[in-house]
Amino acid sequence: MRAVFRSTHLTSTDRTSVPRSFGRLAGRATTSSILLLTSLLASASAADSNPLPPSITTAPLSVDQVVNNLIRKDQERAKALRHYESTRVYHLSYRGFLGDRDAQMTVDATFDSPSTKTFRVISQSGSPAMIDHAFKRLLDAEKDASETEMHAHTLLNRENYDFALVGYESPGSNSSNKGGEYVLEVDPKTNSKYVYRGRVWVDGTDFAVTRIDAEPAQNPSFWTKKNEVHHEYMKVQDFWLPRRNESVSYIRLGGRATLTIEYDNYRVVGSLISDNTAKPSSVATGAH
């Protein structure tokens, strides 16, 4: 008997018997794989080209550690501070289609723990409308915000804000602050005209806020379309108190209003130190 062997090579007729859909599926699979691989490589390249800023990766503390220290130290300072007095100079300017208007007011401000603020107007000049409406509202709003219940909802803590570490500024060679400054992005958990979203700078030694660049979480007035706030703080004895505030409001009908508050002549008295003994001192500190 003669054995018959069949070739394993496909003839032209055999090739046509292979379903064409197989070729199409194989082509699609190859194309999909290439696209997926290309996408992954692009993502990897993007990640390599846009890593976390060195200022974050080299920061001595994590965001949780910074926030923990900030909350703890703020509570300690709030408990220790019993009373202070200061002089403030308010200046409000408007530039827009209604013309140019200015007003200024000097106020003696007093704080008594836990949340009492009182104001005494020393002098005022300029636009009567700005004085009667803007300045008086500002003082009333600050009194309301300092009340215990309202104050609890505006504190810079985890109950009211979410935090992200976005930068770290190393101390300079001539800097007295050896801990540098941490830059935090803060986002309020509820909308209110008394809370803000933006960035805060935290002293790396005292863990106090030294600067704020932000905007109110809720528009404080229908007549404004955008509001910016810039706050600076300074250390007076063991406490960090306002140095200068600037608020810029862009008016819907046109124009811009700029409010600045300069804080001067701080007199911190009757504060308590950590051992709960009185620290009878009075310090006059001027804003620069």
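Right, N69: closer than 30 Å to G204 by Cβ and at pLDDT 90 or above or not? If you could, list the steps in order and put the result at the bottom.
Working: closer than 30 Å to G204 by Cβ: yes; at pLDDT 90 or above: yes.
Yes.
Only one of K136, K193 is part of a helix (DSSP H, G or I) and in the same structural domain as A109 (by TED's automatic domain parsing). Can you tell me which?
K136
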**Item:** Count - residues of the range 61-92 that are assigned to a strand (DSSP E or B) and within 21 Å of the chain's Cα centre (by Cα)
**Value:** 0
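Here's the yes/no breakdown for (1) touching a strand residue (DSSP E or B) at 6+ places or on another chain (Cβ under 8 Å); (2) among the aliphatic types (A, V, I, L, M):
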{"position": "S115", "(1), (2)": "no, no"}
{"position": "R120", "(1), (2)": "yes, no"}
{"position": "S123", "(1), (2)": "yes, no"}
{"position": "G126", "(1), (2)": "yes, no"}
{"position": "A134", "(1), (2)": "yes, yes"}
{"position": "R137", "(1), (2)": "no, no"}
{"position": "E142", "(1), (2)": "yes, no"}
{"position": "M150", "(1), (2)": "no, yes"}
{"position": "L156", "(1), (2)": "yes, yes"}
**Prompt:** Say we look at the range 96-118 and pick out the residues that are outside any strand (DSSP E or B) and more than 27 Å from the chain's Cα centre (by Cα); which of these is nearest to A129 (Cα to Cα)?
**Reply:** L98
**Message:** I need the full set of residues from the range 206-220 which are surrounded by fewer than 17 Cβ atoms within 10 Å (Cβ to Cβ) and at pLDDT below 95, in order please.
**Reply:** E215, Q218, N219, P220
**Item:** Members of the range 139-157 found to be part of a helix (DSSP H, G or I), surrounded by 13 or more Cβ atoms within 10 Å (Cβ to Cβ) and among the polar types (S, T, N, Q), listed by number
**Value:** S146
**Message:** Going residue by residue through the range 158-166, is there one that turns out to be within 23 Å of N265 (Cβ to Cβ) and either in contact with an Asp or Glu (Cβ under 9 Å, 6 or more places away or on another chain) or assigned to a strand (DSSP E or B) (or both)?
**Reply:** no
**Prompt:** Any residue in the range 188-203 that is surrounded by fewer than 13 Cβ atoms within 10 Å (Cβ to Cβ) and modelled with pLDDT under 90?
**Reply:** yes
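The values are calculated or read from the model by the stated rules, or taken from the named source; none is laboratory data. Please read all numbers here as calculations on a predicted model, not as lab measurements. Backbone-built Cβ (ideal geometry, glycine too); neighbour counts: all protein chains shown.
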